[in-house]
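Participant: I'd like to ask some things about the structure below.
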Amino acid sequence: MTDPRRAVPRTDQVLADERLRSAATRLGPTLVKQAVVRAQERCRAGEVAPDEVADVAVAALPVSATTLRRVVNATGVVVHTNLGRAPLSGAAVEAVRTAAGATDVELDLATGQRGRRGRGALEALASAVPDAGGVHVVNNGAAALALVTRVLARGDDGRDTVVIARGELVEIGDGFRIPELMESVGARLREVGTTNRVHLADYASALDDSTAFVLKVHPSNFAVTGFTSSVPARDLAGLEHAGRRVPLVVDIGSGLLEAHPRLPHEPDAASALRAGADLVTASGDKLLGGPQAGLLLGGAELVERLRRDPFARALRVDKLTLAALEATLVGPVPPVRAALGRSVDDLRVRARAIVGAWPAELVASLGAEVVDSAGAVGGGGAPGVEVPSAAIALPEHLAAPLRAGEPPVLGRTVRGRLLLDLLAVDPAEDAALAEVVRRAAGAGSA
């Protein structure tokens, strides 16, 4: 009996296929060879004919050399942490492509001498927040707060204590907590007030010679209501001990640089600085709508002190982040801001157009309908704030096949129905969303 393994084409023969040779240039030889090996294994198992191995390998090739996949965010959450938070604008994506090669990120082309790293991004950030005398960028929001704490509360001058309200000792995601973060870089915390209420007198009575600074943190992903009180930054900015004004650091978290009309209670960097904050820390990949980055804004001398500290080197951002951040600040409206600016009337029109593009029998079989919805900011921004939106209601069982589609479409389930909320969906993705639903519905009925 002839061994069926003899019929399996050799690896070098399959790799000689022009389609696979071209893919190796684009994806690299490792991924292409893996696809060929899997196809050969299927051939040995009798699932694939020998002359089909190359075709099967080509069909199994990944779209790109990363396992990350583009998805359509129809969850209604604008800044979705599990989906990478803020999607970048087209200008930011193009800036990343430019920065991917050799660039003048740390070179002055006019003189040929070393220049300030990321000067364009820093100038754009300074221009966006004129109230800041100095600006600096690190690799995320937690890093910004860690750098501030490390430099101001290391204890060299006997000051290693940070005063913070108990209700602001928040967990920032994936189990990371503000107090543990700060203690990990050497600070001691002095908690004041209670979980729901704190007064200016609580802060004042906690100050002593060991106080490095007072920290005010915007609560992330929750809101405390009812019998509550907190102290605004403008009052904390006036605190003194033994004739010395105690520095105030405000962590606004979400990266809102200036007040937004749809988010009247969300803190922003400009307002915090005008209220007297010495330093403001924030994230770049939330309401700013840019890449993951930690922003530091405040007095010029203080920010320069932070920038020159050796610990700042460990938190340095790369050229891709600097490029994307600059383009976000000076370029067109980024997707996050565009989503927050969409009217519910326009969203309803888009939803009706998507449903109207499907055959009548498909709409009837799915019970598809356009419904009003309530989206959310997400990413720790504006907790509890509902953003008016519109969605397409479908059967709940379509959630899994839609996630398996190309591109994957993610919605949310509400009372037994799957809602595809259009708040965070770019209008350019409407056609793809409609087609994925059409295919998923067809596969489900097959």
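The values are calculated or read from the model by the stated rules, or taken from the named source; none is laboratory data. Values in this document were obtained by computation on a predicted structure and should not be read as measured data. Counting neighbours? That spans all protein chains shown, and the Cβs are built from the backbone with ideal geometry, glycine included. The area values use the complete protein model at the heavy-atom level, side chains included, leaving out ligands, DNA and RNA. Shrake-Rupley method; radii C 1.70, N 1.55, O 1.52, S 1.80 Å.
Participant: Under the √(5λ) rule applied to the eigenvalues of the Cα gyration tensor, what semi-axes describe the equivalent ellipsoid of segment 39-159? Give them in Å, descending.
Facilitator: Values: eigenvalues 432, 98, 60 Å².
Result for segment 39-159: semi-axes of 46, 22, 17 Å.
Participant: A further question on this structure: Using the alpha-carbon centroid of each, what span in Å lies between segment 275-350 and segment 209-229?
Facilitator: Centre-to-centre (Cα) distance: 22 Å.
Participant: Considering Cα pairs under 8 angstrom that are at least six residues apart, work out the relative contact order of the chain and quote it in whole percent. Working shown, then result.
Facilitator: Details: 846 pairs, mean separation 88.5, N = 446.
Value for the chain: 20 percent.
Participant: Oh, and also: Taking the 0 to 90 degree range and rounding to the nearest ten, how far is the long axis of helix 141-152 tilted relative to the main principal axis of the chain, both from C-alpha atoms?
Facilitator: The two axes meet at around 30 degrees.
Participant: D157 versus V385, label points 7 Å from Cα toward the beta carbon: distance in nm?
Facilitator: Spacing of the two 7 Å Cα→Cβ label points: 3.6 nm.
Participant: Could you list which residues have their amide H under 5 Å from that of V72, counting only those 5 or more apart in sequence or on another chain, with H placed in the peptide plane?
Facilitator: V409, L410
Participant: Could you tell me the accessible area of R154 in Å² (1.4 Å probe, neighbours in place), rounded to the nearest ten?
Facilitator: Approximately 90 Å² for this residue.
Participant: Taking a probe of 1.4 angstrom, what is the accessible area of F222 in Å², to the nearest 10?
Facilitator: Rounded to the nearest 10, that gives 70 Å².
Participant: Here is a further query. Could you name the lysines whose alpha carbon sits less than 30 Å from that of K319, not counting residues in the same chain fewer than 8 places away?
Facilitator: K286
Participant: Provide the gained length on full extension for the span A404 to E41, in nm with one decimal, where the gain is 0.36 nm per separating residue minus the Cα-Cα distance. Can you show the working numbers first?
Facilitator: Values: separation 363, 0.36 × 363 = 130.68 nm, distance 2.41 nm.
The span from A404 to E41 would gain 128.3 nm if fully extended.
Participant: Provide the gained length on full extension for the span A431 to E106, in nm with one decimal, where the gain is 0.36 nm per separating residue minus the Cα-Cα distance. Provide the component values of the computation, followed by the final result.
Facilitator: Numbers: separation 325, 0.36 × 325 = 117.00 nm, distance 4.23 nm.
Working it through step by step, the gained length comes to 112.8 nm.
Participant: Still on this structure, please answer the following. Per DSSP H run of n ≥ 4, the term is -39500 (n - 2.57); total these for the chain, divide by its residue number, and report the mean residue ellipticity at 222 nm rounded to 500 deg cm²/dmol.
Facilitator: Numbers: 19 runs with 167 residues, N = 446.
Dividing the helical sum by the residues of the chain leaves -10500 deg cm²/dmol.
Participant: With the chain treated as a Gaussian network of Cα nodes joined by springs under 10 Å, which of A368, A54, A432 yields the largest mean-square fluctuation?
Facilitator: A54
Participant: Seen from all sides and averaged, what is the projected area of the convex hull of the Cα atoms in segment 284-426, in nm²? Intermediate values should be presented prior to the final figure.
Facilitator: Numbers: hull surface 47.7 nm².
Over all viewing directions, segment 284-426 projects a mean Cα-hull area of 11.9 nm².
Participant: List the residues, sorted by chain then number, that are 5 or more residues from H241 or on another chain and whose placed amide H is less than 5 Å from its amide H.
Facilitator: For H241, the qualifying residues are V246.
Participant: How big is Rg to Rh over segment 210-309, alpha-carbon atoms, Rh as the Kirkwood inverse-mean-distance radius? If you can, show how the numbers build up before the last one.
Facilitator: Values: Rg = 14.3 Å, Rh = 14.5 Å.
For segment 210-309, the value is 0.98.
Participant: Find the accessible area per residue for segment 164-217; the probe is 1.4 Å, ligands and nucleic acids are left out, and the unit is Å². List each step's numbers first, then the result.
Facilitator: On the way: 2540 Å² over 54 residues.
Per residue, segment 164-217 has 47 Å² of solvent-accessible surface.
Participant: Diagonalise the Cα gyration tensor of the chain and give the resulting equivalent ellipsoid semi-axes, square root of 5 times each eigenvalue, largest first, whole Å.
Facilitator: Numbers: eigenvalues 457, 177, 83 Å².
Calculated on Cα positions only, the semi-axes equal 48, 30, 20 Å.
Participant: From the phi angles alone, apply the Karplus equation (6.51, -1.76, 1.60; θ = phi - 60°) to segment 406-421 and give each ³J(HN,Hα) in whole Hz, x where the residue is Gly or Pro.
Facilitator: 10, x, x, 10, 10, x, 9, 9, 9, 6, x, 10, 8, 9, 9, 7
Participant: Can you pull the percent of segment 274-389's accessible area that's carbon plus sulfur, 1.4 Å probe, other chains left in place?
Facilitator: Details: 2560 of 4890 Å².
Answer for segment 274-389 is 52 percent, counting heavy atoms of protein chains only.
Participant: Calculate, in nm to one decimal, what V363 and E258 gain on full extension: separation in residues at 0.36 nm each, minus their alpha carbon distance.
Facilitator: 33.5 nm
Participant: What fraction of the Cα pairs in segment 264-330, stated in percent, has a spacing above 16 angstrom?
Facilitator: Working: 1225 of 2211 pairs.
In whole percent, the share of Cα-Cα pairs in segment 264-330 beyond 16 Å is 55.
Participant: Let me ask another. Along its three principal axes, how long is segment 290-366 when you only count alpha carbons? Whole Å, largest extent first please.
Facilitator: Ordered largest first, segment 290-366 gives principal extents of 66, 23, 18 Å.
Participant: Sticking with this one: Treating the angle as unsigned and between 0 and 90°, give the value, to the nearest 10°, between the Cα long axis of helix 29-44 and the longest Cα principal axis of the chain.
Facilitator: 40 degrees
Participant: Over segment 357-446, how many percent of alpha carbon pairs lie in each 5 Å bin up to the one with the longest distance?
Facilitator: 3, 13, 24, 26, 19, 9, 4, 2, 0
Participant: Can you tell me the 0 to 90 degree angle between the C-alpha axis of helix 344-356 and the longest principal axis of the chain, rounded to 10?
Facilitator: Computed tilt is about 10 degrees.
Participant: Another question, then. Which FRET efficiency value, to the nearest 0.05, is calculated for R352 and S210 with the Förster distance at 45 angstrom and r the Cβ-Cβ distance? Please report the intermediate quantities before stating the final value.
Facilitator: Values: r = 63 Å, r/R0 = 1.39.
My answer for the efficiency is 0.10.
Participant: State the three equivalent ellipsoid semi-axes of segment 87-244, derived from the C-alpha gyration tensor as the square roots of 5 times its eigenvalues, in descending order and whole Å. Spell out each step's value before the answer.
Facilitator: Numbers: eigenvalues 264, 82, 47 Å².
Value: 36, 20, 15 Å, ordered largest first.
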